[in-house]
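Trainee: Starting off with a structure, shown below.
The values are calculated or read from the model by the stated rules, or taken from the named source; none is laboratory data. Please read all numbers here as calculations on a predicted model, not as lab measurements. Quick reminder, even Gly has a Cβ in these numbers, built from the backbone with ideal geometry, and neighbours come from all protein chains shown.
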Amino acid sequence: MDSETVDKLMRLSALDLDEEARVRLGLDLDRIVALIDEMQSVDTEGVLPLAHPLDAVQPLRPDRANAAVDRATLQHGAPATRDGLYLVPRVVE
Amino acid sequence: MNAFATVAELRAALAERRVSAVELARACLDRIARQSHLNAFVSTCPERALERAQAADLCIAQHGQTGLVGIPFAHKDIFCVQGLRTTCASRMLADFVAPYDATVATRMDAAGAVLVGKANMDEFAMGSSSESGHFGAVRNPWDTGRVAGGSSGGSAAAVAAGLVPASTGTDTGGSIRQPAAFCGISGLKPTYGRVSRYGMIAFASSLDQGGPMARTAEDLRLLLAGMEGSDPRDSTSADVPATAAEADARPLRIGLPDEYWSALDADMGEALDAARGVVERLGHGLVSISLPHTRAAVAAYYVVSSAEASTNLSRYDGVRYGHRADAPKDLDDLYRRSRSEGFGDEVKRRILTGAYTLSVGYYDAYYQKAQRVRRLIRRDFLTAFASVDAILAPVTPTPAFELDAMQADPTDMYRQDVFTVPASLAGLPALSVPCGRIGGLPVGMQLIGPHFAEDRLLALGEAWQRETDWHTLRPPESSRGAEVAR
């Protein structure tokens with residue numbers, strides 16, 4: 001896989017790789033793509049894609065407020081919070 | 001109490017007051033500590049376990065033993081348990097304390113089972129060897145130089161070594177069945193939707209399914225009763241009748257898929273042929289069947305599961321939970337470095353593969369193609385089940401392989417899943433039970449059934465285990481790792 005494609009995938013995946021890892025994972029991706037290409041010989045003309053293994057449609061639940069985990073409990077394990085808000089680096093100058 | 005007693009035996013012992021729940025929990029915690037060289041656990045929870053065990057003893061004194069009251073067990077460390085560390089064997093979640101319970105955790109608690117610890121696994125359940133986790137490889141109790149299988153390798157090794165009588169696992173492409181086979185125990189992947197996925201950390205949402213691991217099929221039935229049921233918090237959970245408490249043992253027509261049996265090497269072929277003979281002696285009819293799209297299953301599975309993984313794991317951003325990089329210079333740097341530092345190589349491979357198959361220009365050729373192949377694979381099974389009641393197949397191409405043997409090329413490991421991923425893609429229930437030995441290592445056979453036919457598979461497994469003793473064999477007391485550890 002060329003480095004341009006690997007760079008694009010890293011960007012899409014929000015991952016940084018050093019040069020050694022980029023080369024190694026690029027080779028791995030070549031092998032993985034060769035493996036997944038094995039399905040290309042299957043004739044799927046006229047076959048609909050299957051997203052749910054039971055071919056079922058997910059039901060919608062009633063649009064009602066219900067008991068959920070409270071904010072303080074959820075944020076207890078967050079890396080950085082203040083006043084009930086998650087902290088991130090400045091995004092607006 | 002014998003460390004290798006079954007759940008059914010422990011229920012009887014508790015009911016007759018021959019042992020207490022506190023004694024059982026203490027014994028498990030003690031064995032886990034003594035066999036730490038197996039690396040089967042990420043953490044234990046002695047205080048919680050003893051508190052719950054005391055409550056179980058009180059309950060037994062007042063009402064007698066029911067359900068799983070007083071039975072010690074381990075959760076795969078993918079199930080959130082409120083107040084306990086839930087790591088998914090990832091650096092990303094190494095310090096994550098779950099703020100709520102998975103539905104499976106709530107149900108096992110309600111059934112009275114006593115959680116003693118969280119079992120080690122492949123990072124985010126991505127792997128077939130339990131080598132990829134942040135906390136190191138799980139070792140196989142039969143030979144500690146070999147893998148325990150994966151991704152539920154800690155759950156399997158813990159039961160096989162007599163550390164706990166039962167555990168939970170999850171199976172996306174074989175992650176309950178394959179480690180069960182490698183470690184010589186029994187494991188059930190239920191039908192997709194049988195067991196709630198709420199609070200079970202997501203890998204591939206259209207494939208993931210929790211299930212029980214134990215010594216016998218009889219125990220799996222008891223454990224499944226403690227786990228299953230529809231759940232308003234999981235819109236993919238199925239509203240179907242519970243699995244029956246009694247076995248239905250009528251003679252069945254059992255299909256032998258040519259595509260699986262013709263792929264076996266001589267040793268595995270011999271073990272499976274012997275198993276086939278026993279099944280026939282049990283009064284079942286065997287017929288040859290074809291599942292013609294089997295050959296494309298591994299490819300379709302790795303497209304679908306990696307696509308779903310790349311989407312699911314996008315939630316790890318260093319903001320709301322999990323690992324956060326130090327001193328990020330901007331938001332993009334926070335995302336990139338938190339994820340790059342938090343995820344291991346195998347998880348990165350899956351995310352990148354998923355990003356590739358979902359990206360513009362490749363979506364139709366890979367993701368949609370895999371979904372079409374998935375429908376054909378499902379159709380193969382449904383066609384087969386029009387003429388047979390269940391399918392008998394191998395679980396793995398080989399017994400447990402040596403540690404590090406599959407690290408050079410990731411696709412070598414992926415191909416190990418050849419016999420387990422087809423049932424996963426079709427959402428079918430599948431049972432793995434021990435059926436022989438190759439070179440002193442256990443191997444398993446797989447019984448695959450129609451959707452929600454867990455009853456039938458467990459009845460077959462129970463009958464099989466009344467006729468055979470593979471499930472009663474124990475790993476050697478000392479193995480290479482144990483000697484090193486001493």
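Trainee: Which of the residues that make up the range A:64-77 are more than 26 Å from B:ASP330 (Cβ to Cβ), in a loop (DSSP other than H, G, I, E, B) and either of a type in the set (Val, Ile, Thr) or within 8 Å of chain B (Cβ to nearest Cβ) (or both)?
Mentor: Across the range A:64-77, the qualifying residues are A:VAL69, A:HIS76.
Trainee: Now for a different question. Please find, within the range B:310-328, the residue that is farthest from the other protein chains (Cβ to nearest Cβ) out of those that are crowded, with 18+ Cβ neighbours inside 10 Å and touching a residue at least 40 places away in the same chain (Cβ under 8 Å).
Mentor: Applying the filter and picking the extreme gives B:ASN312.
Trainee: Now for a different question. Among the candidates A:LEU15, A:LEU9, A:LEU27, which residue alone is part of a helix (DSSP H, G or I) and within 7 Å of another protein chain (Cβ to nearest Cβ)?
Mentor: Going through A:LEU15, A:LEU9, A:LEU27 in turn, the sole match is A:LEU9.
Trainee: As an exercise: evaluate B:ALA98 against (1) crowded, with 24+ Cβ neighbours inside 10 Å; (2) among the aliphatic types (A, V, I, L, M); (3) in contact with a Cys (Cβ under 9 Å, 6 or more places away or on another chain) and give the number of the one condition it does not meet.
Mentor: B:ALA98 satisfies every listed condition except (1).
Trainee: Being touching a residue at least 60 places away in the same chain (Cβ under 8 Å) and among the aliphatic types (A, V, I, L, M) narrows it down to one residue among B:LEU331, B:LEU376; which is it?
Mentor: Numbers: B:LEU331 fails: touching a residue at least 60 places away in the same chain (Cβ under 8 Å).
None of the others qualify; the one that does is B:LEU376.
Trainee: Of the residues A:ALA80, A:ALA21, only one is facing another protein chain (nearest Cβ under 9 Å), under 30 Å from B:ALA327 (Cβ atoms) and touching a strand residue (DSSP E or B) at 6+ places or on another chain (Cβ under 8 Å); which? Working first, answer last.
Mentor: Values: A:ALA21 fails: touching a strand residue (DSSP E or B) at 6+ places or on another chain (Cβ under 8 Å).
Selected residue: A:ALA80, the only one of A:ALA80, A:ALA21 that is facing another protein chain (nearest Cβ under 9 Å), under 30 Å from B:ALA327 (Cβ atoms) and touching a strand residue (DSSP E or B) at 6+ places or on another chain (Cβ under 8 Å).
Trainee: Another question, then. Tell me the residue from A:LEU35, A:LEU48 that is surrounded by 14 or more Cβ atoms within 10 Å (Cβ to Cβ) and at the interface with chain B (Cβ under 8 Å from one of its Cβ atoms), please. Break it down stepwise before answering.
Mentor: Values: A:LEU48 fails: surrounded by 14 or more Cβ atoms within 10 Å (Cβ to Cβ).
Result: A:LEU35 is the single residue among A:LEU35, A:LEU48 that is surrounded by 14 or more Cβ atoms within 10 Å (Cβ to Cβ) and at the interface with chain B (Cβ under 8 Å from one of its Cβ atoms).
Trainee: Can you name every residue in the range B:342-373 that is in contact (Cβ under 8 Å) with a residue 60 or more places away in the chain and either out of contact with any Asp or Glu (no Cβ under 6 Å at 6 or more places or on another chain) or small (Gly, Ala, Ser) (or both)?
Mentor: At the first step, the residues of the range B:342-373 found to be in contact (Cβ under 8 Å) with a residue 60 or more places away in the chain are B:342-347, B:349-350, B:366-367, B:369-371, B:373.
If the condition is that a residue be in contact (Cβ under 8 Å) with a residue 60 or more places away in the chain and either out of contact with any Asp or Glu (no Cβ under 6 Å at 6 or more places or on another chain) or small (Gly, Ala, Ser) (or both), then B:GLY342, B:PHE343, B:GLY344, B:ASP345, B:GLU346, B:ARG350, B:TYR366, B:TYR367, B:LYS369, B:ALA370, B:GLN371, B:VAL373 are the ones that fit.
Trainee: Looking at the range A:83-93, which of the residues that are more than 7 Å from chain B (Cβ to nearest Cβ) and in a loop (DSSP other than H, G, I, E, B) is nearest to B:MET92 (Cα to Cα)?
Mentor: A:LEU87
Trainee: Does the range A:12-22 hold any residues that are more than 12 Å from B:TYR356 (Cβ to Cβ) and surrounded by 13 or more Cβ atoms within 10 Å (Cβ to Cβ), and which are they?
Mentor: Of the residues in the range A:12-22, the ones more than 12 Å from B:TYR356 (Cβ to Cβ) are A:14-22.
A:ALA14, A:LEU15, A:ASP16, A:LEU17, A:ALA21, A:ARG22, listed by residue number.
Trainee: Could you please let me know if B:ASP122 is in contact (Cβ under 8 Å) with a residue 40 or more places away in the chain and crowded, with 24+ Cβ neighbours inside 10 Å?
Mentor: Working: in contact (Cβ under 8 Å) with a residue 40 or more places away in the chain: yes; crowded, with 24+ Cβ neighbours inside 10 Å: yes.
So B:ASP122 passes the test.
Trainee: Moving to a separate point now. Does at least one position in the range B:275-296 carry a residue that is away from chain A (no Cβ under 11 Å), small (Gly, Ala, Ser), surrounded by 16 or more Cβ atoms within 10 Å (Cβ to Cβ) and touching a Ser or Thr at 6+ places or on another chain (Cβ under 9 Å)?
Mentor: Scanning the range B:275-296 turns up at least one residue that is away from chain A (no Cβ under 11 Å), small (Gly, Ala, Ser), surrounded by 16 or more Cβ atoms within 10 Å (Cβ to Cβ) and touching a Ser or Thr at 6+ places or on another chain (Cβ under 9 Å).
Trainee: Of B:SER128, B:SER90, which residue is under 15 Å from the mean Cα position of the chain (by Cα), within 30 Å of B:TYR301 (Cα to Cα) and in contact (Cβ under 8 Å) with a residue 60 or more places away in the chain?
Mentor: Details: B:SER90 fails: under 15 Å from the mean Cα position of the chain (by Cα).
Going through B:SER128, B:SER90 in turn, just one is under 15 Å from the mean Cα position of the chain (by Cα), within 30 Å of B:TYR301 (Cα to Cα) and in contact (Cβ under 8 Å) with a residue 60 or more places away in the chain: B:SER128.
Trainee: Please indicate, with yes or no, whether at least one residue in the range B:196-211 is among the small types (Gly, Ala, Ser), on the phi > 0 side of the Ramachandran plot and more than 14 Å from the chain's Cα centre (by Cα).
Mentor: yes
Trainee: Considering each of B:LEU272, B:LEU264 in turn, give the residue that is surrounded by fewer than 23 Cβ atoms within 10 Å (Cβ to Cβ) and in contact with a helix residue (DSSP H, G or I) (Cβ under 8 Å, 6 or more places away or on another chain). Spell out the reasoning first.
Mentor: Working: B:LEU272 fails: surrounded by fewer than 23 Cβ atoms within 10 Å (Cβ to Cβ).
From the options B:LEU272, B:LEU264, the qualifying one is B:LEU264.
Trainee: Further, regarding this structure: Given (1) within 8 Å of another protein chain (Cβ to nearest Cβ); (2) of a type in the set (Ser, Thr, Tyr); (3) in contact (Cβ under 8 Å) with a residue 12 or more places away in the chain, identify the lone condition not met by A:SER3.
Mentor: Going through the list (1) within 8 Å of another protein chain (Cβ to nearest Cβ); (2) of a type in the set (Ser, Thr, Tyr); (3) in contact (Cβ under 8 Å) with a residue 12 or more places away in the chain, A:SER3 breaks only (1).
Trainee: Taking only the range B:391-414 into account, find how many residues are more than 18 Å from the chain's Cα centre (by Cα) and either facing chain A (nearest Cβ under 9 Å) or not in a loop (DSSP other than H, G, I, E, B) (or both).
Mentor: Here the count works out to 7.
Trainee: Another question, if that's okay. Residues to consider are B:PRO410, B:PRO399; find the one that is within 21 Å of B:THR172 (Cα to Cα) and touching an Asp or Glu at 6+ places or on another chain (Cβ under 7 Å). Outline the logic, then answer.
Mentor: Values: B:PRO399 fails: touching an Asp or Glu at 6+ places or on another chain (Cβ under 7 Å).
Matching residue, one of B:PRO410, B:PRO399: B:PRO410.
Trainee: While we're here: How many residues are in a loop (DSSP other than H, G, I, E, B) and within 30 Å of B:THR398 (Cα to Cα) when one looks only at the range B:99-132? Before the answer, list the steps.
Mentor: If we filter the range B:99-132 for residues that are in a loop (DSSP other than H, G, I, E, B), which is where we start, we get B:99-102, B:111-113, B:120-122, B:126-132.
Remaining after also requiring within 30 Å of B:THR398 (Cα to Cα): B:120-122, B:126-132.
Going through the range B:99-132 one residue at a time, the tally reaches 10.
Trainee: Assuming B:THR243 fulfils every condition listed in (1) at pLDDT below 95; (2) within 14 Å of chain A (Cβ to nearest Cβ) apart from one, which condition is it?
Mentor: Condition (2) is where B:THR243 drops out.
Trainee: Determine whether the range B:339-348 contains at least one residue that is more than 7 Å from chain A (Cβ to nearest Cβ), within 29 Å of A:LEU85 (Cα to Cα), of a type in the set (Gly, Ala, Ser) and in contact with a Leu (Cβ under 9 Å, 6 or more places away or on another chain).
Mentor: For the range B:339-348, residues more than 7 Å from chain A (Cβ to nearest Cβ), within 29 Å of A:LEU85 (Cα to Cα), of a type in the set (Gly, Ala, Ser) and in contact with a Leu (Cβ under 9 Å, 6 or more places away or on another chain): present.
Trainee: To continue, here is another question. Checking the condition assigned to a helix (DSSP H, G or I), under 29 Å from B:THR411 (Cβ atoms), without any contact (Cβ under 8 Å) to a residue 40 or more places away in the chain and more than 28 Å from the chain's Cα centre (by Cα), which residue from B:ARG295, B:ARG336 passes?
Mentor: Numbers: B:ARG295 fails: more than 28 Å from the chain's Cα centre (by Cα).
Within the list B:ARG295, B:ARG336, the selection yields B:ARG336.
Trainee: Just for helices (runs of 4 or more DSSP H) wholly inside the range B:1-98: which have at least 2 residues that are over 29 Å from B:ARG474 (Cβ atoms)?
Mentor: Result: B:46-63.
Trainee: Would you be able to tell me the number of residues in the range A:51-63 that are more than 7 Å from chain B (Cβ to nearest Cβ) and either surrounded by 10 or more Cβ atoms within 10 Å (Cβ to Cβ) or more than 20 Å from B:SER196 (Cβ to Cβ) (or both)?
Mentor: Applying the first criterion (more than 7 Å from chain B (Cβ to nearest Cβ)) to the range A:51-63 yields A:55-57, A:60, A:62-63.
Applying the additional criterion that residues be either surrounded by 10 or more Cβ atoms within 10 Å (Cβ to Cβ) or more than 20 Å from B:SER196 (Cβ to Cβ) (or both) yields A:55-56, A:63.
Residues in the range A:51-63 being more than 7 Å from chain B (Cβ to nearest Cβ) and either surrounded by 10 or more Cβ atoms within 10 Å (Cβ to Cβ) or more than 20 Å from B:SER196 (Cβ to Cβ) (or both): 3 in total.
Trainee: Let me ask you something else. Considering each of B:LEU58, B:LEU84 in turn, give the residue that is crowded, with 17+ Cβ neighbours inside 10 Å, modelled with pLDDT of 95 or more and either more than 26 Å from A:HIS76 (Cβ to Cβ) or out of contact with any His (no Cβ under 8 Å at 6 or more places or on another chain) (or both).
Mentor: On the way: B:LEU58 fails: crowded, with 17+ Cβ neighbours inside 10 Å.
Criteria check complete, one pass: B:LEU84.
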